Structures are given as C-alpha cells and as structure tokens.
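Beneath this line is the structure, given in structure tokens, with notes to follow.
The values are calculated or read from the model by the stated rules, or taken from the named source; none is laboratory data. Just so we're clear, the structure is a prediction, and the values are computed from it rather than from any experiment. All Cβ positions, even for glycine, are placed from backbone atoms using ideal geometry, and neighbour counts span all protein chains on display. The protein model used for the area step is the full one, side chains on, heavy atoms only, and it has no ligands, DNA or RNA in it. Shrake-Rupley method; radii C 1.70, N 1.55, O 1.52, S 1.80 Å.
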Amino acid sequence: PWYLKAAPASNPGSDAVWSDPYLDAALNGIVITNSAPVYGKAGNLYGVVAQDIQLTRISDIIANIRVGQSGYAFLIDRDRRLIAMPEAGYSDLGIDPATTPLGNELKPESVSTSAAALNDIILQMTSGNSGFSEISLNDTQRFVVYRNVEGVDFSLAIIVPAEEMLVKALEARQQLERENINVLVLSV
C-alpha cells in the first residue's frame, strides 16, 4: 500500500506521503511508512523509496503525559485507530485493551456508556478539528482539549478532571485576595 500511495497514479505531485498506521509483525509494533517516488532524468519512474517509522516511542511519550493528578492524553489517527492510550485511559473510558489494542479502530461501541459523550469529540478529532469541551465521564466532569497533528493526520486529546484544573484557579484567586488584603493593610 505504501508503494501504491507514492506512485504517480495516486501521487501526481510526486510528494513524500505517509501511510496509515499498521501493526508490523517484523518490528513488533505500530509503524507508519513515509515513501516518495524516484524518477530518472527522463521522468521515468524508477521506483519508490520508503522508510518505516516505529510509533512505539511516540506511544510511550503520549502514554506518559500527566496533567494534574489524573489527567492523561491519547492519540488517534483520522480512521479512529489508537496510536497511544495509557492504562488510565483504557480504564476511564471503559475500553478493553484486549479487544481494542493499539493500532485498532476505537469504535463507538468500544467506549463504555458512561463515556459515550467522548464519541462526539472523537468525531471532531477525526475531522481534523481542534477544540475544547467539557463532558461527564464516570460521573466526573472532565475537560477535554484536542488538536490535529499536522502532516500525519493524527489527533491528540488531553482529558483532565475539571476539579483538578479548577483547584489551581481557586488557589490563584485566594492568593490574589490575600495579596490585596496585605496591600490594603499596608496602605492603611
């Protein structure tokens, strides 16, 4: 598929192109392929040069993102395939890692009913949109921010309990009030 995607029929601009992520048995992990056509001086196609890029390191980095105490990130491609999902995400979203491992499509029915609101966000993510939403997951209000990753048609989402983010804002507000009182006392 990576050869055909780079060939003239599919790639009239002769650009370097990216494959969809796939599970590579030889490399034991999720891989994407970057391929480009190679032409001779007369414009004849000699072939396609390609490089495989393991997504294991990217998956590890995404899976280790922590926001607040229990916030986490996950990464999908435009076809809803999971590129990175931490254990906390699998648990929080009620997804069984055995039936939806990395590289597989995150189907709407894979997400637990308590996390069904996330399916609308995933639709936005796969459409290449960026945004911010507040949803309820497992009876907890969560902030979800998502953004398209240019060049590879991936989308990154970060989910964090609203309370954890609001606590920091409340602490800052209380500090500001204390400082205002201190300034007032000093002025008097």
**Message:** If the only charges are +1 at each Lys and Arg Cβ and -1 at each Asp and Glu Cβ, what is the size of the charge dipole of the chain around the Cα centre, to the nearest 20 debye?
**Reply:** 460 debye
**Complete:** Around ALA63 (Cβ within 14 Å, Cβ-to-Cβ, excluding ALA63; K/R +1, D/E -1) the net charge comes to -1
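Rounded to a whole number of µm²/s, how large is the Stokes-Einstein D of the chain at 37 °C and 0.692 mPa s, given Rh as the Kirkwood radius over C-alpha pairs?
The calculation lands on 171 µm²/s.
Using Cα pairs under 8 angstrom and six or more residues apart, how large is the relative contact order of the chain, in percent?
14 percent
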**Message:** Order 130-140, 90-100 from most to least packed using the mean count of other Cβ atoms within 10 Å.
**Reply:** 90-100, 130-140
**Request:** Could you tell me whether the range 58-156 comes out rounded, prolate or oblate from its Cα gyration tensor? Rule is a ≥ b ≥ c as square roots of the eigenvalues, rounded for a/c under 1.5, then prolate if a/b exceeds b/c, otherwise oblate.
**Result:** rounded
**Prompt:** Carbon-plus-sulfur fraction of the accessible area of the chain, 1.4 Å probe, in percent?
**Reply:** 55 percent
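Accessible area per residue for the chain in Å², computed with a 1.4 Å probe and the full protein assembly in place, what is it?
Normalised by residue count, the accessible surface of the chain is 59 Å².
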